[in-house]
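Have a look at the structure below, then the notes.
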Amino acid sequence: MTDLRYWIGFNIVRGIGPVRLRALLDYFGDIERAWRAPSAELHRAGLDRRSLENLLAVRAELDLDREVEKITAAGAQALTWEDPAYPRLLREIPAPPPVFYVKGALTEEDAWAIAIVGTRRASAYGREVTRHLTHTLARSGITIVSGLARGIDAEAHKTALEAGGRTIAVLGCGVDRVYPPEHRKLAEEIVASGALVSDYPLGTEPEGRNFPPRNRIISGLSLGVLITEAGKGSGALITADFAAEQGRDVFAVPGSVLMRGSAGTNALIQEGAHVVLSAADILEELNLTMVAEQVEARQVLPADETEAALLSHLSSEPVHVDEIQQQVNLPISQVTSTLALMELKGLVRQVGGMKYIVAREPGVEYVVD
């Protein structure tokens, strides 16, 4: 897109968000004309004094080509309102972000997404129920969206990956930053089987004020939001509020009335959130049971001894195709072609870098018929 740099430029200007940018586009009809317009014309287009001053200051100093290069160097991409790859669900929310940064990859399957969020101070109960629900949803072909925070968010991301599913982490900073820092390895794994995303420009630090607004992106990318454990003051409740405003379903797991960490989820249920006792409650409410059935239908028996041999050397831990070939002692062409067919059948999953994992429920043993 030849005018991507102008979108990025406006995204960097503090005070020009979706509403003001839309007004500028309506007035000038073209984002390059809006970027290059003289101050008097920008004022007539409706920019207030502070936003205009910010724009003029950034425009005088910013090297737009250099900003585009930074995105490429970070292994990321920037999607705009005009990009066909811009997430459909996010496009539907009020005032969607004009620029959306992605590190990793978004797929069409990510339209079947559920957000799972909760307290950073997760209890053993909160972690266990998050693992249980996330695993079933991920194994049912549902992409898991969360915020990479400590506690429930991290548990949801990790479990989705362990289940061989896809997951998306929405950051309150640039996609070239990771917060909290101890989740750097987790972030790398997410990039391999999903994406880190943000509407904040590259280089944006994880300031506290960035996190409440980013929650609208978490809910915006999802068909519904599940809160598994949250106290009264949890930021997860902000995500629930955004979901309700966006017309998305809100789900909550009940907890003990004696546990402070469940006060928020119990209150959500009192206010009308869907009670969740199993993943089936979510799948049925959102009419996603067919996704689960299609995944189950792909859990078929290996067609021959080659497939069975490959499966015996695969688990939830990614294994490179070269290592698999050495273990089964078969020609590499036979190994790669068989793996490709098995991926189509839903027996295995490629998770990036020619590494494969098995795609099956724990405890299921495959035998040759």
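The values are calculated or read from the model by the stated rules, or taken from the named source; none is laboratory data. Here the structure is a predicted model, which is why all the values come from computation and not from measurement. Glycine also receives a Cβ, built like all others from the backbone with ideal geometry; neighbour counts cover every protein chain displayed.
Here are a few things to note about the model shown:
- Enumeration of residues in segment 304-334 that are aliphatic (A, V, I, L, M) and either in the same structural domain as Ile190 (by TED's automatic domain parsing) or under 23 Å from Ala163 (Cα atoms) (or both): Ala308, Ala309, Leu310, Leu311, Leu314, Val319, Val321, Ile324
- Members of segment 250-265 found to be farther than 13 Å from Leu277 by Cα and under 26 Å from the mean Cα position of the chain (by Cα), listed by number: Val250, Gly261, Ser262, Gly264
- Residues of segment 211-258 classified as among the hydroxyl-bearing types (Ser, Thr, Tyr) and part of a helix (DSSP H, G or I), total: 2
- Single residue of segment 137-149 satisfying the filter (part of a helix (DSSP H, G or I) and modelled with pLDDT of 95 or more) that is surrounded by the most Cβ atoms within 10 Å (Cβ to Cβ): Leu137
- Lone unmet requirement of (1) surrounded by fewer than 19 Cβ atoms within 10 Å (Cβ to Cβ); (2) within 19 Å of the chain's Cα centre (by Cα) for Asp63: (2)
- Positions within segment 197-218 being at pLDDT 95 or above, among the hydrophobic types (A, V, I, L, M, F, W, C) and surrounded by fewer than 24 Cβ atoms within 10 Å (Cβ to Cβ), in sequence order: Leu202
- Where a residue in segment 151-177 is of a type in the set (Ser, Thr, Tyr) and its partner, wherever it lies, is in a strand (DSSP E or B) and surrounded by 24 or more Cβ atoms within 10 Å (Cβ to Cβ), with Cβ under 6 Å and at least six apart: Thr167/Ile144; Thr167/Gly194
- For first residues located in segment 257-282 and at positive phi, partners that are among the aromatic types (Phe, Trp, Tyr) and surrounded by 16 or more Cβ atoms within 10 Å (Cβ to Cβ) and lie 6+ apart or on another chain with Cβ distances below 6 Å do not occur.
- Checking each residue in segment 259-290 for being farther than 13 Å from Ala230 by Cα and either outside any loop (DSSP other than H, G, I, E, B) or not assigned by TED's automatic domain parsing to the domain that holds Val129 (or both) picks out Gln270, His274, Val275, Ala279, Ala280, Asp281, Ile282, Leu283, Glu284, Glu285, Thr289, Met290.
- Pairing each residue of segment 61-84 that is assigned to a helix (DSSP H, G or I) with any residue that is small (Gly, Ala, Ser) and surrounded by 12 or more Cβ atoms within 10 Å (Cβ to Cβ), provided the two are 6+ apart or on different chains, yields C-beta distances under 7 Å for Leu64/Gly9; Ile71/Ala78.
- Condition check for Val328: at pLDDT 80 or above, under 19 Å from Ala192 (Cβ atoms) and either touching a His at 6+ places or on another chain (Cβ under 6 Å) or surrounded by 14 or more Cβ atoms within 10 Å (Cβ to Cβ) (or both): no
- Test result for Glu182, modelled with pLDDT under 95, over 17 Å from Ile218 (Cβ atoms) and assigned to a helix (DSSP H, G or I): no
- Residue check for Val68: closer than 27 Å to Trp7 by Cα and touching a helix residue (DSSP H, G or I) at 6+ places or on another chain (Cβ under 9 Å): yes
- Candidate set from segment 150-179 (those that are out of contact with any Gly (no Cβ under 8 Å at 6 or more places or on another chain) and part of a loop (DSSP other than H, G, I, E, B)); member that is farthest from Ser123 (Cα to Cα): Val175
- Consider segment 185-210 and keep the residues that are over 15 Å from the mean Cα position of the chain (by Cα) and not in a loop (DSSP other than H, G, I, E, B). The one that is nearest to Ile12 (Cα to Cα) is Asn210.
- Here the condition is being within 20 Å of the chain's Cα centre (by Cα) and modelled with pLDDT under 95; of Ala240, Ala236, it holds for Ala236 alone.
- Every condition in (1) surrounded by 13 or more Cβ atoms within 10 Å (Cβ to Cβ); (2) within 30 Å of the chain's Cα centre (by Cα) is met by Ser51 except one, and the failing one is (2).
- Pairs with Cβ under 8 Å, 6+ apart, first in segment 97-119 and outside any strand (DSSP E or B) and of a type in the set (Phe, Trp, Tyr), second at pLDDT below 95 and surrounded by fewer than 24 Cβ atoms within 10 Å (Cβ to Cβ): Trp112/Gly141; Trp112/Leu288; Trp112/Val291
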